[in-house]
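K.L.:
Dropping the structure in here first, questions after.
The values are calculated or read from the model by the stated rules, or taken from the named source; none is laboratory data. Just so you know, these numbers come straight off a predicted model, no measurement behind them. All Cβ positions, glycine included, derive from the backbone under ideal geometry; neighbour counts span all protein chains shown. Remember, those area values only see protein heavy atoms, side chains included, never the ligands or the DNA or RNA. Shrake-Rupley method; radii C 1.70, N 1.55, O 1.52, S 1.80 Å.
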Amino acid sequence: MRVDADDFARPCGCGREHHIDVKEIIIRSGAVEKLEEEMSDGELKEYISPLLICDTNSYKATEELMEDIYDRCQVLILDAENLEADERAVEIVENYMEEDIDLVLAVGAGTIHDLSRYVAHQYRIPFVSVPTAASSDGFTSTVADMTWNGVKKMVKASAPIFVFADTDIFAKAPGRLAAAGVSDILGKYIALADWKIGSILTEEYYCAEVVKLETRAIRTVKDNLKEIAAGEEDACEKLMYALVLSGLAMQMTGNSRPASGAEHHLVHLWDMEVLNGHLNALHGEKVSAGTMLTLLEYKKIADAIHRKSCKVHTHTEKDRDLLQKTFGKKGVLDAIYKENAPEILDEISTRQLSDALPEIAQIIDSLPSVTDMQEMMSTAGCVSRVRDIGLPRETISDSLRLAPYTRRRLSLLRLSKMLTY
Ligand SMILES: NC(=O)C1=CN([C@@H]2O[C@H](COP(=O)(O)OP(=O)(O)OC[C@H]3O[C@@H](n4cnc5c(N)ncnc54)[C@H](OP(=O)(O)O)[C@@H]3O)[C@@H](O)[C@H]2O)C=CC1
Ligand SMILES: O=C(CO)COP(=O)(O)O
């Protein structure tokens, strides 16, 4: 499978000309042989001093198939245990960034890619992606999820110039990783609903073409749930294709708006460990739990709108004490408060929100029911309950209250602070 990036980089009905940096995306068996050809005799030949970044897991998964590529690169194998895209890991990578390094090869999953894209961006050198598991949608994204002083932030970074996704590598990764990739895509139902609602209530930019791309990613995964769970190569390729599309959607908007809504905001909150301890779960597994919690809440709101029992009121700052107690104790309240503008709700009048309620209900009605979502997740072998990710049940209510403060963007979860239902 070959994804032609030029298909997406044309003037669009939204008024923008989307920019795509990635030149070629290859998803097939033997893709890393093509990488080697490109390095020996093709477009990558000009880079004479590449740094390959992987970790102990992704090294094990690729050492045989990529032996010749390892031989021609400087190699940094990070310890997979407790690896995060944070200041500690960045420092380790930077120590390897000798002056002559002219290309970064990311060989791994989401964390290795975020670290690589961040460092490549800082050093103004290109990076090439070799995804080793179909576990999350950050491979072709232009933003990196970095943790700075305990705060998880979306940071501008580079997209890869090439993606070589080899089926013989990623389809052999543990099934748990593919299930996490499915979850990351199923979370887009909520992300797209939040984006639409944000665009109705504010002047926020919205692009129907980007939405189509994410919708295609969702459909591709939805049509192949059983086969992905069975580890069928063709279905795993389709999952990787969906993850790549979702990354391209982020590239087209220049941020993660199409791919991350309230379900991801819950994950960012849990990752900051202000309410809970460290969760031993993959990103996509946390997205699953976040998606189920958000969907349940959104369906409650839609039901209340239909029953005419949903009341709109002005936003009152009821969360201040809780914010102080949770983020304050870790010394990150200022970072959260300044960056993520809790006052965003002050810009929305009660009249505006009341008028928008029928449309909001329609958007939520178009989402899968809680039962259907649960069924899709279990068909693909995804986890979906908070206890599956080790989150104490008693943190759910505070999680729903605090999650919207982890990002600036509007979500229905944030708007629910102006609703009684
Ligand atoms: N920038 C963006 O747009 C996005 C960023 N993210 C971020 O990505 C991170 C999560 O990434 P995710 O993909 O879930 O996983 P991780 O990077 O956390 O990787 C999960 C584990 O699986 C290992 N692994 C990968 N491939 C194989 C393989 N073939 N065989 C055996 N083990 C393997 C990984 O090693 P290794 O570390 O070497 O890969 C790692 O130990 C989060 O920090 C999240 O915030 C998520 C989505 C979008
Ligand atoms: O994880 C992401 C998309 O799957 C990116 O999310 P954020 O940019 O909100 O961190």
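So that you can scan it fast, the table gives a plain yes or no per residue for (1) farther than 30 Å from Gly175 by Cα; (2) outside the structural domain of Leu279 (by TED's automatic domain parsing); (3) out of contact with any strand residue (DSSP E or B) (no Cβ under 6 Å at 6 or more places or on another chain); (4) outside any helix (DSSP H, G or I):
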{"residue": "Asp388", "(1), (2), (3), (4)": "no, no, yes, no"}
{"residue": "Ala403", "(1), (2), (3), (4)": "no, no, yes, no"}
{"residue": "Arg408", "(1), (2), (3), (4)": "yes, no, yes, yes"}
{"residue": "Leu415", "(1), (2), (3), (4)": "yes, no, yes, no"}
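A quick yes/no check of all residues on (1) of a type in the set (S, T, N, Q); (2) in the same structural domain as Glu46 (by TED's automatic domain parsing); (3) more than 9 Å from ligand 1 (Cβ to nearest atom):
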position: Val93; (1), (2), (3): no, yes, yes
position: Val130; (1), (2), (3): no, yes, yes
position: Ser141; (1), (2), (3): yes, yes, no
position: Ala144; (1), (2), (3): no, yes, no
position: Ala178; (1), (2), (3): no, no, yes
position: Ser183; (1), (2), (3): yes, no, yes
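K.L.:
Here's another thing I want to ask about it. Yes or no: the stretch 165-176 includes at least one residue that is assigned to a helix (DSSP H, G or I) and under 26 Å from Cys12 (Cα atoms). Quick ask: steps written out before the conclusion?
P.N.:
Taking the stretch 165-176 and keeping what is assigned to a helix (DSSP H, G or I), we get 167-170, 175-176.
Within this subset, residues satisfying the condition of being under 26 Å from Cys12 (Cα atoms) are none.
No, every residue in the stretch 165-176 fails to be assigned to a helix (DSSP H, G or I) and under 26 Å from Cys12 (Cα atoms).
K.L.:
Oh, and also: Within the stretch 152-163, which residues are open to solvent by 10 Å² or more (accessible area, probe 1.4 Å), more than 8 Å from ligand 1 (Cβ to nearest atom) and not in a loop (DSSP other than H, G, I, E, B)?
P.N.:
Lys153, Val155, Lys156
K.L.:
Then there is this: Going by the structure shown, is Ser349 among the small types (Gly, Ala, Ser) and surrounded by 13 or more Cβ atoms within 10 Å (Cβ to Cβ)?
P.N.:
Spelling it out, Ser349 is indeed among the small types (Gly, Ala, Ser) and surrounded by 13 or more Cβ atoms within 10 Å (Cβ to Cβ).
K.L.:
Quick one: what pairs do we get from the stretch 176-188, first residue free of Cβ contacts under 8 Å to residues at least 24 places away in the same chain and closer than 11 Å to Leu239 by Cα, second within 11 Å of ligand 2 (Cβ to nearest atom) and basic (Lys, Arg), C-beta under 6 Å, 6+ apart or different chains?
P.N.:
Partner pairs satisfying both residue conditions: none exist.
K.L.:
Related question: In the set His278, His315, which member is more than 29 Å from Glu347 (Cα to Cα) and modelled with pLDDT under 95?
P.N.:
None of the other options fit; the residue is His278.
K.L.:
Now, a different point. Do any residues in the stretch 193-205 that are closer than 13 Å to Asp355 by Cα and in a helix (DSSP H, G or I) have Cβ atoms under 7 Å from those of residues that are acidic (Asp, Glu) and at pLDDT below 95, where the two are at least six apart or on different chains, and which pairs are they?
P.N.:
Going by the 7 Å Cβ cut-off, there are no qualifying pairs.
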